[in-house]
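K.L.:
Shown below is the structure under consideration.
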Amino acid sequence: MAQQLVALLERLGPAFIKAGQILSTRRDMLPRILCASLCRLQESAAPMSMEQAREALTAIYGPALDTIFAEIDDQPVASGSIACVYRGRLKDGAEVAIKLQRPAIHDVMTTDLALITTVGAILAKLPWFRGLPVHAVLDHLCDAIHAQLDFEREGKHLGRLRAALSSIPRVWVPKMYKEASRGRALVMEFIPELDSRQAERCPLSMRKRFAAGALGAVYWMLFVDGLVHCDLHPGNVYFKQGGQVVILDAGFSVQLTDKMRLLFAEFFLEMALGRGGRCAEIVIKSAVGQRADADLDSFRLRLADLINRNSGLPAQEFSLIAFATEMFELQRKFGLHAAPELVFPLLSLLTIEGTVRCLDPDMDFQETAKPILTQGVFKCRPFNAAS
């Protein structure tokens, strides 16, 4: 049934595919086998034709097109369901990447999301879904997909990520060209020679640098800055021969409130210190709801045991994916519904773990996090002389 659902979503189109990708993170609500199947959803959108791209550029820029760009390649360098990316050159000679939104994609997505919301309202009335925050999850899901259509928002987030991650050594987020960008066209610095297999050809010492840079960037987003890139799959993370970690495409990013960012940082700090009881209270405090039959006492005991079993494990024995999967299973079993605001950022860590492990099997996720966690936990706390 899970495989049939994935095939159906692929046939229904881009909004449904993105919805499935996002729902695959909700292991606190959905069965593990269904989440695993949804994780396999991949976008394989055909690029726009040369004529469609030219029509889109003319509609977006009008007469200004030839005054802004010296040239634009006809063949895209990347293609997705919402946009295609083209290489170009500005009049001042700067090499740029142009993320060009597909014509009418906003109307298509809006119609699809309305259908998803309607279907969700029906499912919420079925016995299996009773007690689950279906409407809250669907609202968050639709907001996340709608946000990927907002190129102005994405441009601002890209600029913020570039500024925030400038403190992480060797992390490269492309520069934005605001003056050349428009509502449906995002113009960024073009980063040449991006090769998904570059790290494989580098010595172990360089691969360890890549791993530290990528993990440090994610930790900084999660625990200190609060603006989190939630789509760090290999197509958005590259490694350069000079040692830089390149992070692209801020379309799927979320802003944590200071409260949620602090709770997230505190959870991981308490976990690193082996304080299972405190971790359980943080999860309960951050939950958006509970089933009528929720068993909080059992949840506290089982989560504390999970923390104790994982805290201080050697790097080779600790698996973030296994830990998060078991934690979500406990939430689902004992009736707690995790806040979507926290589940999506956790996706950043789960997505990047496989990449980091391939680069550096000895990477200690817990020990590496401690100095950044300390900054994150105390960032929002005023000094208290009495303490």
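The values are calculated or read from the model by the stated rules, or taken from the named source; none is laboratory data. Since this is a predicted model, take the numbers as computed values, not measurements. Cβ atoms come from the backbone with ideal geometry, glycine included; neighbour counts cover every protein chain shown.
K.L.:
Check whether at least one residue in the range 191-205 is at pLDDT 90 or above and either of a type in the set (Val, Ile, Thr) or in contact with a Cys (Cβ under 9 Å, 6 or more places away or on another chain) (or both), and report yes or no.
P.N.:
Yes, there is a match, as at least one residue in the range 191-205 is at pLDDT 90 or above and either of a type in the set (Val, Ile, Thr) or in contact with a Cys (Cβ under 9 Å, 6 or more places away or on another chain) (or both).
K.L.:
While we're looking at this one, here's another question. Do we find a residue being in contact (Cβ under 8 Å) with a residue 24 or more places away in the chain and under 27 Å from residue 267 (Cβ atoms) anywhere in the range 189-203?
P.N.:
Checked the range 189-203: no residue is in contact (Cβ under 8 Å) with a residue 24 or more places away in the chain and under 27 Å from residue 267 (Cβ atoms).
K.L.:
So which residues in the range 219-259 are of a type in the set (Ser, Thr, Tyr) and at pLDDT 90 or above, if there are any at all?
P.N.:
219, 238, listed by residue number.
To keep it simple, each residue is scored yes or no on (1) of a type in the set (A, V, I, L, M); (2) crowded, with 21+ Cβ neighbours inside 10 Å; (3) modelled with pLDDT under 80.
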site	(1), (2), (3)
292	yes, no, no
295	no, no, no
306	yes, no, no
321	yes, no, yes
328	no, yes, no
341	no, no, yes
347	yes, yes, yes
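K.L.:
Do we find a residue being modelled with pLDDT of 95 or more and among the acidic types (Asp, Glu) anywhere in the range 93-100? It would help to see each step written out before you state the result.
P.N.:
Restricting attention to the range 93-100, the residues satisfying the condition of being modelled with pLDDT of 95 or more are 93-100.
Adding the requirement that they be among the acidic types (Asp, Glu) leaves 95.
Yes; the residues of the range 93-100 include at least one that is modelled with pLDDT of 95 or more and among the acidic types (Asp, Glu).
K.L.:
List pairs: first residue in the range 142-167 and surrounded by 15 or more Cβ atoms within 10 Å (Cβ to Cβ), second residue of a type in the set (S, T, N, Q) anywhere in the structure, Cβ distance under 6 angstrom, at least six positions apart or on different chains.
P.N.:
Every condition considered, the pairs that remain are 155/181; 157/253.
K.L.:
With the structure loaded, tell me whether residue 44 is hydroxyl-bearing (Ser, Thr, Tyr), surrounded by 12 or more Cβ atoms within 10 Å (Cβ to Cβ) and at pLDDT below 90 or whether it fails that test.
P.N.:
On the way: hydroxyl-bearing (Ser, Thr, Tyr): yes; surrounded by 12 or more Cβ atoms within 10 Å (Cβ to Cβ): no; at pLDDT below 90: yes.
For residue 44, the condition - hydroxyl-bearing (Ser, Thr, Tyr), surrounded by 12 or more Cβ atoms within 10 Å (Cβ to Cβ) and at pLDDT below 90 - is not met.
K.L.:
Output the residues belonging to the range 87-110 that are in contact with a Lys or Arg (Cβ under 8 Å, 6 or more places away or on another chain) and under 13 Å from residue 181 (Cα atoms).
P.N.:
96, 97, 98, 100, 101, listed by residue number.
K.L.:
Could you check, for the range 354-374, whether at least one of its residues is closer than 26 Å to residue 254 by Cβ, in a strand (DSSP E or B) and touching a strand residue (DSSP E or B) at 6+ places or on another chain (Cβ under 9 Å)?
P.N.:
No - not one qualifying residue is present in the range 354-374.
K.L.:
Read through the list (1) buried (at least 19 other Cβ atoms within 10 Å of the Cβ); (2) β-branched (Val, Ile, Thr); (3) not in a strand (DSSP E or B), then give the number of the only condition that residue 98 fails.
P.N.:
It fails just one condition, (3).
K.L.:
A further question on this structure: Would it be correct to say that residue 75 is at pLDDT 90 or above, touching a Pro at 6+ places or on another chain (Cβ under 9 Å) and part of a helix (DSSP H, G or I)?
P.N.:
It is false that residue 75 is at pLDDT 90 or above, touching a Pro at 6+ places or on another chain (Cβ under 9 Å) and part of a helix (DSSP H, G or I).
K.L.:
State which residue pairs qualify: first residue exposed (fewer than 12 other Cβ atoms within 10 Å of the Cβ) and inside the range 61-85, second residue of a type in the set (Lys, Arg) and assigned to a loop (DSSP other than H, G, I, E, B) in any location, beta carbons under 8 Å apart, and separation of 6 or more residues or different chains.
P.N.:
67/91
K.L.:
Can you spot a residue in the range 335-344 that is without any contact (Cβ under 8 Å) to a residue 24 or more places away in the chain and over 28 Å from residue 240 (Cβ atoms)?
P.N.:
Looking through the range 335-344, none of the residues is without any contact (Cβ under 8 Å) to a residue 24 or more places away in the chain and over 28 Å from residue 240 (Cβ atoms).
K.L.:
Tell me yes or no: at least one residue of the range 105-115 is of a type outside the set (Ser, Thr, Tyr), modelled with pLDDT of 85 or more and in contact with a strand residue (DSSP E or B) (Cβ under 9 Å, 6 or more places away or on another chain).
P.N.:
yes
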